[in-house]
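Scroll down for the structure; my scribbles are underneath it.
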Amino acid sequence: MGAYVPRRRLLRSAIATAHAWAKPGLKGLGKGSRAICSHDEDVITMAVAAARACLGGGDNRSPDRLLLASTSLPFADRQNATVVGEALNLPEDLQTADISGSQRAATSALLLGLQHGGAECMVVGAEKCLTRAGSVEEFTVGDAAAALTTGEDQQLARFIGSHSISRDMVDHYRTAQSDHNYALEERWIRDCGLMQIIPETVAALLSKLDMSSEQIDRLLIAGVDGRPAAQIAARCSIDKMAVHEGLKVPIGHAGSADALLLLVDALQAAEPGQNILLVGFGQGCDALLFQTTEIVHRARESHGVTAAIAAGVEDTNYLRYLSFAGLVDIDWGMRAERDNRTSQAAFYRGRRAITGFVGGLCRDCGVAQFPKTALCVNPNCGKQDTQDDEVFANKAGQVKSFTEDWLALSLNPPLMYGSVRFDRQSTIMMEFTDFDPGELSIGSKLQMVFRIKDFDPLRGYHRYFWKAAPAAE
Amino acid sequence: MASGIKDKVAIIGMGCSRFGERWDCGAEHLMLEAFDECLADAGIEKVQIEAAWLGLCYQEQSLGKSSISLSQSLRLPNVPVTRVENLCATGTEALRGAAYAVASGACDIALAMGVEKLKDTGFGGLPSRTMGTFEDLWFPGVSAPGSFAQLASAYAHKHNIPMDQLRDAMAHVSWKSHENGALNPKAHLKNRITKEKVLNAPMISYPLGLFDCCGVSDGAACAIVTTPEMAKKLGRAANLVSIKALQLAVSNGAEMFYDEWDGSHAMTAELASKRAYSEAGINDPKRQLDMVEVHDCFSITELVTMEDLGLSASGQACQDITAGVYDRDGALPCNVDGGLKCFGHPLGATGLRMVYEIYQQLHGRAGERQLDDPTLGLTHNLGGFPNRNVCSISIIGLHE
């Protein structure tokens with residue numbers, strides 16, 4: 001299992017200050033920070049990051065199934081989970097699906113994974129929350145992703161059982177044509193939704209499992225924390241101390257992904273033999289009960305929520321956030337008019353290189369190279385058809401040369417790029433990301449991250465490639 | 001190695017348009033402006049031209065594909081015309097085509113024309129271009145200054161030179177070019193600048209500021225070449241200028257994908273200049289060359305080029321530059337016409353514009369810029385980026 005939270009944390013005080021002229025009442029929400037996607041991040045890139053954190057746990061799992069849960073998938077019709085699977089270089093004999101349509105997307109996906117017999121399933125939840133400027137939601141949500149695998153081997157927690165209710169309560173909605181939610185009154189949602197439907201589901205589950213509420217050690221309610229969470233716990237007769245404090249303060253609620261983030265976080269803090277109840281709410285409710293195993297401590301080795309939260313940097317630039325979120329239309333000049341059409345035929349041929357960051361390794365001279373070509377690049381070798389696949393995505397890199405370019409087009413100027421040095425005498429000209437101006441230097445250590453590379457506004461398309469980011473400390 | 005074309009091709013006429021923001025005319029007219037001067041200089045009739053080469057890089061901004069635009073603009077007598085494109089080496093590539101045609105005996109008199117109309121794009125800087133359908137998928141959306149700026153960071157790192165010191169030498173390069181450009185009526189920028197102005201200019205791509213970057217302009221330049229024998233028949237034996245060497249080196253991906261090159265210079269410039277010196281029979285370029293016209297698209301490019309051409313020792317270019325070695329009154333004047341810095345860089349024209357300056361200097365026609373009796377000069381173009389490029393070198397001198 002693993003988690004990913006974008007590096008930028010927009011201070012809510014900065015949001016409140018920007019709106020003070022019109023909505024001084026929002027000042028009270030101006031505490032803590034909200035995780036925001038950078039200009040080159042979306043659900044797919046965050047999902048890849050979380051899934052890599054999950055796979056990087058040391059056991060090198062290779063799932064049979066990959067489910068991507070989100071309500072903010074970048075493509076409505078091009079399977080997003082397939083892109084994630086190819087970025088992870090998972091084998092092609094993989095069942096993939098996008099699960100969407102509700103704040104319960106992640107718990108629904110998790111249930112599908114758990115009901116997958118003995119086969120291993122990776123469940124990834126990611127959300128890039130699009131909110132209207134000046135809305136309450138703008139303060140409460142945040143962008144993040146989490147991933148975990150289900151299966152029979154090396155279980156950190158056993159799935160005990162679940163209960164679901166499907167009920168069309170429109171606490172908020174977003175039509176297929178709309179960019180933002182239309183949210184109803186919080187008090188109504190709390191009193192008639194959360195406080196009714198969640199306890200009802202929990203009670204049904206406990207009854208089904210012949211368990212009592214005292215046996216619940218942790219209660220995780222996606223998207224709910226603070227007083228409402230305590231009230232729900234009380235209504236369920238669960239000790240309020242069992243309630244997870246939620247992620248609203250440090251990063252914001254990550255929509256449907258919140259459930260997986262809470263579960264990852266709870267497992268990392270858990271002791272063996274604990275009962276963890278996970279609740280997802282949205283047009284009904286999913287309640288899932290897990291019991292941690294003797295090896296649950298291994299969860300602490302993963303890159304989880306705490307580590308992901310700790311990797312953030314404060315950001316006070318609300319206007320930049322608006323631009324990243326597409327809420328303000330900055331004039332990027334005539335350079336932005338360049339036709340950026342993608343040759344899908346060229347992409348299809350080269351997608352292992354582009355999506356999987358797979359290059360070549362010459363069997364003859366041992367030199368790694370990207371892209372993989374018929375002829376080895378080593379001037380002292382030059383042999384034909386001697387290269388095996390070599391994955392660059394997991395390689396560490398070093399800055400060999402760099403620049404901060406204020407002329408080239410970037411939606412987050414300056415465009416930073418340069419030569420990156422890898423092992424086996426390979427080097428690639430790459431874009432840097434997650435660096436601020438002045439932070440790059442020759443020799444800086446790098447890790448590879450999957451990001452949006454280019455936008456094609458004319459055709460409503462964007463494409464992905466790998467960028468070099470600061471190595472994790 | 002082949003015997004080469006040393007002294008097998010003579011230049012009997014050259015022309016160069018006024019460079020600058022030529023809102024007044026299109027590329028067709030720029031070519032004609034250069035050609036009129038060239039034809040008058042050569043003292044021949046247009047019908048005597050047997051073949052022509054057109055160098056044009058960004059055809060989509062001006063004349064479109066093919067060679068027809070040259071034939072049509074000059075109303076050439078239906079001779080074979082070939083359009084060439086090789087990034088910033090395009091102008092020199094046109095000369096290479098014409099020179100090889102003459103050297104091979106395929107024709108007696110050939111025209112090399114280079115032109116570019118950059119200012120019709122509607123914005124500053126070079127137009128963006130595709131790297132190809134596959135490379136666009138992964139190669140960063142770089143700009144020219146950003147790509148060359150990396151030379152500076154790698155050079156400073158390699159030679160352990162503080163960036164302030166390097167920027168000071170780079171500022172000297174730009175200052176020197178403006179000093180020269182101020183004396184050239186055909187230059188785009190004819191103003192003098194101070195080093196302080198260079199150092200305090202807005203940053204374009206760290207560490208290159210505005211004045212570390214050459215201008216963008218429109219222009220054309222051309223040459224008429226023939227054999228020395230034909231030149232004599234045409235009465236052009238006196239002060240005959242001939243081509244001593246024309247060489248090209250093209251990256252094969254090693255700098256870009258194989259971690260041997262250190263990023264601090266252009267590998268191809270080393271290779272091309274060595275080949276050119278060999279072709280021209282030069283063994284001590286620092287002493288034998290009287291002038292050089294190098295590709296100062298950015299100040300750092302000129303700086304590292306002095307080492308790649310073997311004129312400054314490795315790591316010594318900063319000192320040589322600030323000591324004035326390459327100033328107009330220095331030991332080896334560099335970019336005495338003002339360089340790309342003051343002419344701007346209409347890609348197709350630049351290589352031929354450089355040859356034009358050497359040609360004028362060899363004929364003693366360089367006005368206030370005139371050097372003392374030069375006999376041998378070198379031009380250098382670097383097309384593309386330091387990590388993947390086309391480098392062209394020409395060596396031009398008085399016919400022996």
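Annotation note: of A:ASP339, A:ASP331, the sole residue that is free of Cβ contacts under 8 Å to residues at least 60 places away in the same chain, assigned to a loop (DSSP other than H, G, I, E, B) and within 14 Å of another protein chain (Cβ to nearest Cβ) is A:ASP331. Scanning the range A:403-458 for residues that are outside any strand (DSSP E or B), within 19 Å of A:ARG338 (Cα to Cα), in contact with a Lys or Arg (Cβ under 9 Å, 6 or more places away or on another chain) and modelled with pLDDT of 95 or more turns up just one, A:ASN412. The set of residues in the range B:192-215 being at the interface with chain A (Cβ under 9 Å from one of its Cβ atoms) and either among the hydroxyl-bearing types (Ser, Thr, Tyr) or assigned to a helix (DSSP H, G or I) (or both) consists of B:SER205, B:TYR206. Take the conditions (1) more than 19 Å from the chain's Cα centre (by Cα); (2) more than 8 Å from chain A (Cβ to nearest Cβ); (3) of a type outside the set (A, V, I, L, M, F, W, C); B:GLY141 misses just one of them, which is (2). Inspect all residues belonging to the range A:49-57 and state whether any of them is more than 22 Å from A:ILE165 (Cβ to Cβ) and part of a loop (DSSP other than H, G, I, E, B). Yes, because at least one residue in the range A:49-57 is more than 22 Å from A:ILE165 (Cβ to Cβ) and part of a loop (DSSP other than H, G, I, E, B).
Counting only helices (runs of 4 or more DSSP H) that fall entirely inside the range B:253-331 and contain at least 2 residues that are away from every other protein chain (no Cβ under 14 Å) and out of contact with any Leu (no Cβ under 8 Å at 6 or more places or on another chain), the qualifying elements are B:267-280, B:299-308, B:317-322.
For (1) buried (at least 24 other Cβ atoms within 10 Å of the Cβ); (2) more than 19 Å from B:SER147 (Cβ to Cβ), each residue gets a yes or a no:
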{"residue": "B:SER264", "(1), (2)": "no, no"}
{"residue": "B:GLU270", "(1), (2)": "no, no"}
{"residue": "B:SER273", "(1), (2)": "yes, yes"}
{"residue": "B:ALA276", "(1), (2)": "yes, yes"}
{"residue": "B:GLY281", "(1), (2)": "no, yes"}
{"residue": "B:PRO285", "(1), (2)": "no, yes"}
{"residue": "B:VAL292", "(1), (2)": "yes, yes"}
{"residue": "B:PHE298", "(1), (2)": "yes, no"}
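Residues of the range A:341-360 that are out of contact with any strand residue (DSSP E or B) (no Cβ under 9 Å at 6 or more places or on another chain) and farther than 17 Å from A:ALA374 by Cα: A:SER343, A:GLN344, A:ALA345, A:TYR348. Could you list all residues from the range A:402-421 that are crowded, with 24+ Cβ neighbours inside 10 Å and more than 28 Å from A:MET334 (Cβ to Cβ)? Scanning the range A:402-421 gives A:SER419, A:VAL420. If you go through the range A:380-402 and keep only what is at pLDDT 95 or above and among the aromatic types (Phe, Trp, Tyr), you end up with just A:PHE392. Note on the range B:122-153: residues that are in a helix (DSSP H, G or I), in contact (Cβ under 8 Å) with a residue 24 or more places away in the chain and either surrounded by fewer than 18 Cβ atoms within 10 Å (Cβ to Cβ) or of a type in the set (Phe, Trp, Tyr) (or both) total 1. Annotation: of all residues in the range A:283-303 being closer than 29 Å to A:ARG12 by Cβ and surrounded by fewer than 24 Cβ atoms within 10 Å (Cβ to Cβ), the one that is modelled with the highest pLDDT is A:GLN283. Is it true that some residue in the range A:69-90 is closer than 18 Å to A:LEU267 by Cβ, assigned to a strand (DSSP E or B) and touching a strand residue (DSSP E or B) at 6+ places or on another chain (Cβ under 6 Å)? Looking for residues that are closer than 18 Å to A:LEU267 by Cβ, assigned to a strand (DSSP E or B) and touching a strand residue (DSSP E or B) at 6+ places or on another chain (Cβ under 6 Å), one finds at least one in the range A:69-90, hence yes. Just one of (1) at the interface with another protein chain (Cβ under 7 Å from one of its Cβ atoms); (2) over 29 Å from the mean Cα position of the chain (by Cα) fails for A:ASN380. It is (1).
The values are calculated or read from the model by the stated rules, or taken from the named source; none is laboratory data. Because the structure is a prediction, the values reported are computed rather than measured. Ideal geometry is used to build each Cβ from the backbone, glycine not excepted, and the neighbour counts take in all protein chains shown.
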